[in-house]
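Notes for the one structure printed next.
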Amino acid sequence: MPSGPSQWLLVRAARLFDGTGAPPVGRPTVVVHGGVIHSVHADPAPRGDWPPDAQVLDLGDATLLPGLIDAHVHLTCPGDGTPFETTVQEPDGTQLALAYRNAETALRAGITTLRDCGSMRDTTLDLRRAQRLGYARLPRLHLCRCPITITGGHCRYFGGETDGPEGMREMVRRLVRAGVDYIKIMGSGGGTVGTISSRPSFTVEELRAAVDEAHRLNRRTGIHCTCAAATRNAVAAGTDHIEHALFMTDEAGHQQFEPDVADAVARTATVTSTLCVGYFIVDALGPRLGAPDARPEDRAAVERWHRMNEANVDNIRRMRRAGVRYIAGTDAGWRFTPFDGLAREIELLADAGASPSEAIVAATSGAAAVLGIEGETGTLRAGLAADMIAVPGDPLADLTALRRPAMVMLGGDVVVGG
């Protein structure tokens, strides 16, 4: 049910959660015109705010929410367990097709904005170009092209290797020239073979050069940190945002929470959660362990991730108590993480101490503010894009309702349900 540039559409449901954390509105009417939200009304809606021939979409006992924002994905990774070093061997045309499929999957799950945290060379920029030309109907794409990484560093295959302060400044300039929305930096190793997750990669001087140059060019920065030392460096460099903020002390996945790091982050930066990665790994590999041909490496991976999952939830609980603000991101594409898994991430944030309302805000208005797109999307209010979903029942009472969107609207076009 497209709204079109001149079509008026009234969307009604049992309740509305606007994404700000405000109490739900009963029996709402959302008036959509020209792809944007014209007005939002509680029952009874005033007459005269729309023409008499406006179409009506009544979704019954459902809840309207803003379209969801996944703040950490990798569009050119398949999320099916294929080793990273295998995936990156595919040509860019294949990578582009994969990115298209992944973005479509996310949209069907009610995710109307994707923040890509690093993909192969220009593939995501090419995808957005096709989107803007009208060749693809996909979620809003917030892109970094490729992450900046040390020579031989995490995600080096994507094309962002550089070293030294001057190299960092030059890479930032090249990425801005290419058209990126923000700058992503690998502040430690990660899941790429040959890198070390429990040690920082760039120095503070290198990070500060990149952050300063990004800010000079009106771009925000996000730094991947999987150990406390990397997070300290990122904070010292003045980053806007931190990805993961883990506390790994070795490559076996042991972690040691450091309160002073939590306090420093709380004063200066926000964090993307990415809790669900390990849970999807355990879900995928766990059933294999009972097979006669179960591989020792799968057993070791499950044990490692069981340990990390418990630590990650506990760390976020303690970080939140220190005042750290989180937004929701899945790391979709990485290992076994699917592109329709954001609802699981929201549930895990609640397990880590967020209220259902706070967990949803982390995937709506909270994420939009961190991305700098709060003037475009993230809440249901007049003047913003008509990016909206409907889920059965009340997600504040049962967050699993977010797994089953009954309607997805992107820029006023109903792409699922209706």
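The values are calculated or read from the model by the stated rules, or taken from the named source; none is laboratory data. Please read all numbers here as calculations on a predicted model, not as lab measurements. With ideal geometry, Cβ positions are generated from the backbone for all residues, glycine too; neighbour counts draw on all protein chains shown. Calculation scope for accessible area: heavy atoms of the full protein, side chains included, ligands and nucleic acids excluded. Shrake-Rupley method; radii C 1.70, N 1.55, O 1.52, S 1.80 Å.
Okay, residues lined up against (1) of a type in the set (A, V, I, L, M, F, W, C); (2) more than 24 Å from Gly79 (Cα to Cα); (3) open to solvent by 10 Å² or more (accessible area, probe 1.4 Å):
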residue: Arg121; (1), (2), (3): no, no, yes
residue: Leu125; (1), (2), (3): yes, no, yes
residue: Gly159; (1), (2), (3): no, no, yes
residue: Pro165; (1), (2), (3): no, yes, yes
residue: Arg169; (1), (2), (3): no, yes, yes
residue: Arg173; (1), (2), (3): no, yes, yes
Please tell me if Ser273 is touching an Asp or Glu at 6+ places or on another chain (Cβ under 7 Å) and under 30 Å from Pro139 (Cα atoms).
yes
Among residues of segment 178-190 being in contact (Cβ under 8 Å) with a residue 40 or more places away in the chain and farther than 14 Å from Cys117 by Cα, the residue surrounded by the most Cβ atoms within 10 Å (Cβ to Cβ) is Ser188
If we scan segment 78-94, do we find a residue that is open to solvent by 10 Å² or more (accessible area, probe 1.4 Å), within 30 Å of Leu64 (Cβ to Cβ), touching a Leu at 6+ places or on another chain (Cβ under 8 Å) and not aromatic (Phe, Trp, Tyr)?
no
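Yes/no matrix, rows are residues, columns are (1) at positive phi; (2) open to solvent by 20 Å² or more (accessible area, probe 1.4 Å); (3) more than 22 Å from the chain's Cα centre (by Cα); (4) basic (Lys, Arg):
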position: Pro23; (1), (2), (3), (4): no, yes, yes, no
position: Pro28; (1), (2), (3), (4): no, no, yes, no
position: Pro46; (1), (2), (3), (4): no, yes, yes, no
position: Pro52; (1), (2), (3), (4): no, yes, yes, no
position: Leu57; (1), (2), (3), (4): no, no, yes, no
position: Ala62; (1), (2), (3), (4): no, no, yes, no
position: Leu98; (1), (2), (3), (4): no, yes, no, no
position: Arg101; (1), (2), (3), (4): no, yes, no, yes
List pairs: first residue in segment 26-44 and aromatic (Phe, Trp, Tyr), second residue surrounded by 18 or more Cβ atoms within 10 Å (Cβ to Cβ) anywhere in the structure, Cβ distance under 8 angstrom, at least six positions apart or on different chains.
none
Please tell me if Arg220 is touching a strand residue (DSSP E or B) at 6+ places or on another chain (Cβ under 7 Å) and open to solvent by 50 Å² or more (accessible area, probe 1.4 Å).
yes
Out of Ala209, Ala136, sole residue that is outside any loop (DSSP other than H, G, I, E, B) and surrounded by fewer than 24 Cβ atoms within 10 Å (Cβ to Cβ)
Ala209
Top-ranked residue in segment 13-60 [being touching an Asp or Glu at 6+ places or on another chain (Cβ under 9 Å) and charged (D, E, K, R); ranked as farthest from Ala328 (Cα to Cα)]:
Arg27
First in segment 106-122 and over 17 Å from Leu371 (Cβ atoms), second anywhere and small (Gly, Ala, Ser), Cβ under 6 Å, 6 or more apart
Arg121/Gly159
Return the only residue of Thr249, Thr203 being over 25 Å from Arg317 (Cβ atoms), open to solvent by 10 Å² or more (accessible area, probe 1.4 Å) and of a type in the set (Ser, Thr, Tyr).
Thr203
Which one is farthest from Arg404 (Cα to Cα) among residues in segment 324-365 that are open to solvent by 40 Å² or more (accessible area, probe 1.4 Å) and either part of a strand (DSSP E or B) or touching a Lys or Arg at 6+ places or on another chain (Cβ under 8 Å) (or both)?
Arg325
If I filter segment 301-321 for residues that are among the aliphatic types (A, V, I, L, M), part of a helix (DSSP H, G or I), exposed (fewer than 14 other Cβ atoms within 10 Å of the Cβ) and at pLDDT below 95, do I get at least one hit?
no
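Results for (1) surrounded by fewer than 21 Cβ atoms within 10 Å (Cβ to Cβ); (2) in contact with a Lys or Arg (Cβ under 9 Å, 6 or more places away or on another chain); (3) not acidic (Asp, Glu), shown as yes or no for each residue.
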{"position": "Glu243", "(1), (2), (3)": "no, yes, no"}
{"position": "Pro259", "(1), (2), (3)": "yes, yes, yes"}
{"position": "Ala262", "(1), (2), (3)": "no, yes, yes"}
{"position": "Cys276", "(1), (2), (3)": "no, yes, yes"}
{"position": "Val282", "(1), (2), (3)": "yes, no, yes"}
{"position": "Asp293", "(1), (2), (3)": "yes, no, no"}
